[in-house]
Amino acid sequence: MLLSDSSKQALLRFKSTITTIFNSNSDPNSDDYVPFEELDSWSPKSDCCSWDRVNCTRTSNKTRIVTELHLDAVVPLFVDLVPVFSNILNPLFEIQSLKFLDISMNSLVGEIPGNGFGNLTGLVHLDMMQNSFNGSIPDQLFRLTNLRYLDMSTNYLEGGLGPELVSLRNLTTLMLSVNRFQGMIPPSLFKLESLRFLDLSNNSLTGGLSSEIGNLRNLESLKLNENFITGSIPEEIGNLTKLKELWVGKNQFSGGIPSSVENLKDLESLDLSGNSFSLQIPFGIGRLPNITTLDLSKNQFMGPIPPSMQNLRKLETLQLKNNMLAGEIPTWLFNIRSLKKLFIGGKGNRLIWNNKTKIVPKCKLEQISMSSCGFSGEIPEWISSQKDLNLLDLSQNQLEGEFPNWLAKMDIGSIILSDNKLTGSLPPRLFESLSLSILALSRNNFSGELPENIGNARAIMLLMLSGNNFSGQIPMSISNIYRLLLLDLSRNRFSGDKFPVFGDNPLLAYIDLSYNEFSGEIPVTFSTETQILSLGGNRFSGNLPRNLTNLVNLEHLDLHDNDITGNFHEVLPQIPNLQVLSLRNNSLEGFIPRTISNLTSLRILDVSGNNLGGIIPPEIGNLARMINTPDLSPTYDIFNFLIEFQDLILNWKNSFRGLSSRSLDIYSFLDLSENRISGEIPASLGNLKGLKLLNISHNDISGNIPVTFGNLKGIESLDLSHNKISGSIPQSLGKLDQLTILDVSNNRLTGRIPVGGQMDTMNELKYFANNSGLCGMQIRIICPEDVTSSEGEDEEDKKDSWIMWEGTWIGFPVGFFSSILIMGYSLNFLHLFKFW
């Protein structure tokens, strides 16, 4: 049998395995069935060297052998539901003649089969990117000393990169990005002097960047972005004179840009964004003749924009946003003819636009972002000369006047003018654009009704108009915007009781109509894809609609400060994905049902300020997302700016505050205050270890404070005030090391206030006032058991020790009080008195 024949049999077994998996996990009778045809040419009756995805080479004795397998994206898409394990590769490891193997984009699961790859010692090119391999890189892979190209990016590989890398001395390309590698970049890597392309981005690498990086003189591309690398960039980076790409953004680098960077004459793209670089941008940055992309954003660079930058004749993208740059914005920026994207200004900057300057740009800009740059007066008309413009961001300036008609006619894709002083109504021409995808005009002084033709702008994805003076009804045509993802019309003067029907919109996930003047019943004309629905601060009335339960993807429902009625236990929406439910300050009656525990995702519940009765059901202690502290969710920059969702307003530590959407996912709250809830506090509330705030104040609750409250390890604010709670404060509260506010005032508590930990800092007298007989160092009241009664005790000292608490004795005349002291009554009698 010829060698190619043995390879043929191995390949047929590989095909058979994939075909079997496909047939066992697909239904030929289903509407979406697509037959598996990727390997149809692999027939037992034909020469394998003629098959698709297979290349052969003729040896010196005229035998043809399989040397290349291009098996990228060969596994069918159904593997998203059915894992395909890496052992399906086993037949391929029998083809020891392989020099080129591409198995990328197959979603293969499991550890990399080291023993198998160890057999392929002749491999020169190995591509495993975009699978689901896990574990560490197997030792056998380092035996492939002929490798020149190795791509294992976009997997779940972990562990450290070790000294074994040195064995791969012939590597010219090493791609390990988007994995979970940790630790420092090993010194062995800097001995691979043939490397031309090195990508370690999107991992968890730490430590500094060694000066030995200068040994890799053949490097053309170095990508280390999105790790945790610290320290400064070594001067030896200037040795890499062949470098065309240098990306180290989103790390923890500091210091200045090394002066040796100006040696990188071939450099085309430099990304230093998202670090802590400081000092001034060096003059030498203008000596990079081939640079097309320069991103220095989100750092701490100071001083002016260096004038040498005007020498960058090939510069297309300049990103300087969110630094500490100062001075006047130079007009020569607009004379760089190659410039297409300009991002300056932003948070922390002190750059100022000279509003008296008249410019005639020589460039053809596609994107302009100049937020917080001191623009005043009307929107500059020179922008109208930029015919290729698809993004305009002039937010957070002092712009005045109306929305200009010339701007409405430009058909720009993204217009961001939030946080200015713009006035007037919006021109209808704006919504005839087929290009407009983002319109952000929040926090201006726009007024009037929205144009009826707003629905003609069907490409809009994000529509943010909050914080203006818009009025009237929402135009019904707005539901025609089929690509709409986010609609924020909050904090205006919109009114009416008729709403567009969004039920057919498959994408609309975020709707905020809060703080307007809407009336009537709660609308339910929303898509089942809705995830966030904020309708608080309006004039809605009537019962909570039962068919809200149809919004199966709803995560956030905010209906606070309306006039919603009905029995809560009958209308509680049973939505398993619901995480946030705010019904504060409505007119709900009934009680909290035991089925509350069915809301397994619920982590913020605010039903304060209603007329709820009944007891606190013990089942509330089973809410899983209040038990486990939520993880911090990342924020995302979309279309080059951060989407700011409206804050969630909560009674946080005795004052109403907005909880930022960016930190919402790390908090759990339970607020049942200002109702008519009675009965005892269930011990199961102590299960809710993830709670940051628990407020059951202003109810009719009795019994004792459960000892289990000592398990609320995440609690910061605990308000039990204005109830009928008796007994003592349990000593277990001393374990609450996050506690900053404890309010037990206006109850019937007695005994010593616990000490230890945060309890020693609870010295706000008002939070203990009006109880039956509390004592302790926090309120400067000596407990009876701490005082030895004696006939000769200094009467003045006794008076000082008992009257330091703010307030007065209630209901006892001074004469009677004095007589009690003089008669030497037992101190045990004093605990019967009531304090303010």
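The values are calculated or read from the model by the stated rules, or taken from the named source; none is laboratory data. Since the structure is predicted, the reported quantities are computational estimates derived from the model, not experimental observations. With ideal geometry, Cβ positions are generated from the backbone for all residues, glycine too; neighbour counts draw on all protein chains shown. Heavy atoms of the whole protein, side chains included, go into the accessibility calculation; ligands, DNA and RNA do not. Shrake-Rupley method; radii C 1.70, N 1.55, O 1.52, S 1.80 Å.
The table below lists the values:
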{"read-out": "Exposure of Val360 as accessible area (Å², to 10), given a probe of 1.4 Å and all protein chains", "value": "120"}
{"read-out": "Three-way shape call for the range 713-754 based on the alpha-carbon gyration tensor, with the a/c threshold at 1.5", "value": "oblate"}
{"read-out": "Extension gain from Leu434 to Thr525, taking 0.36 nm per residue of separation minus the Cα-Cα distance", "value": "30.2 nm"}
{"read-out": "Highest-first arrangement of 348-358, 365-375, 52-62, where packing means the average Cβ count within 10 Å", "value": "365-375, 348-358, 52-62"}
{"read-out": "Dipole magnitude of the range 658-747 about its Cα centre (Cβ charges: Lys, Arg +1; Asp, Glu -1), debye to nearest 20", "value": "200"}
{"read-out": "Pairs beyond 27 Å (Cα-Cα), from Lys298/Lys358; Lys250/Lys340; Lys713/Lys766", "value": "Lys298/Lys358"}
{"read-out": "Rounded, prolate or oblate (a/c below 1.5 giving rounded, otherwise prolate when a/b exceeds b/c) for the chain by Cα gyration tensor", "value": "prolate"}
{"read-out": "Calculated from backbone phi, Karplus (6.51, -1.76, 1.60) coupling profile of the range 433-450 in Hz, x at Gly/Pro", "value": "6, 9, 9, 4, 10, 10, 10, 10, 10, 4, 6, 10, 10, 4, 9, x, 8, 6"}
{"read-out": "Heavy-atom accessible area ranking, 1.4 Å probe, most first, across Glu619, Glu316", "value": "Glu316, Glu619"}
{"read-out": "Accessible area in the full protein assembly, largest first, 1.4 Å probe, for Phe709, Phe85", "value": "Phe85, Phe709"}
{"read-out": "Relative contact order (%) - criterion: Cα under 8 Å, at least six apart; region: the range 695-782", "value": "25"}
{"read-out": "Inter-probe distance in nm under a simple model that places probes 7 Å from Cα toward Cβ, at Glu381 and Ser136", "value": "6.9"}
{"read-out": "Gain upon complete extension [Thr19, Met777; 0.36 nm per residue less C-alpha separation]", "value": "265.2 nm"}
{"read-out": "1.4 Å probe accessible area per residue over the range 262-388, in Å²", "value": "43"}
{"read-out": "Apportionment of accessible area to carbon and sulfur, the range 35-122, percent (1.4 Å)", "value": "48"}
{"read-out": "Nearest-10 value in Å² for the accessible area of Tyr156, using the 1.4 Å probe", "value": "100"}
{"read-out": "Relative contact order [Cα under 8 Å, 6+ residues apart], the chain, whole percent", "value": "3"}
{"read-out": "Pairwise FRET efficiency - Lys498 versus Asn543, Cβ, R0 = 25 Å, nearest 0.05", "value": "0.85"}
{"read-out": "Long-range HN-HN contacts of Ile112 with modeled amide H, under 5 Å", "value": "Asn134"}
{"read-out": "Accessible area, probe 1.4 Å, largest first, for residues Tyr149, Tyr510", "value": "Tyr149, Tyr510"}
{"read-out": "Separation in nanometres of the label points that stand 7 Å from Cα toward Cβ, at Arg483 and Asn611", "value": "4.9"}
{"read-out": "Fraction of antiparallel bridges per DSSP, the chain only, in percent to nearest 5", "value": "10"}
{"read-out": "Cα gyration tensor shape of the range 186-288, rounded if a/c is under 1.5, else prolate or oblate by comparing a/b with b/c", "value": "oblate"}
{"read-out": "Dipole of the chain [Lys/Arg +1, Asp/Glu -1 at C-beta], most positive-end residue of Tyr156, Leu294, Asn444", "value": "Leu294"}
{"read-out": "Sequence-separation-based contact order of the range 386-456, relative, with Cα cut under 8 Å and 6+ spacing, percent", "value": "32"}
{"read-out": "Alpha-carbon centroid distance for the pair the range 98-176 / the range 338-417, whole angstrom", "value": "48"}
{"read-out": "When each of Lys347/Lys421; Lys242/Lys347; Lys321/Lys387; Lys314/Lys362 is checked by Cα-Cα distance, pairs over 25 Å", "value": "Lys242/Lys347"}
{"read-out": "At R0 = 45 Å, FRET efficiency that the Cβ-Cβ distance of Asn355 and Asn553 yields, to 0.05", "value": "0.45"}
{"read-out": "Separation of the Ser204 and Val755 label points, Cα + 7 Å toward Cβ, nm", "value": "4.3"}
{"read-out": "Which listed pairs, of Lys8/Lys99; Lys223/Lys244; Lys15/Lys99; Lys223/Lys364, have C-alpha distances above 18 Å, in listed order", "value": "Lys15/Lys99; Lys223/Lys364"}
{"read-out": "Area accessible to solvent at Lys340, 1.4 Å probe radius, in Å²", "value": "80"}
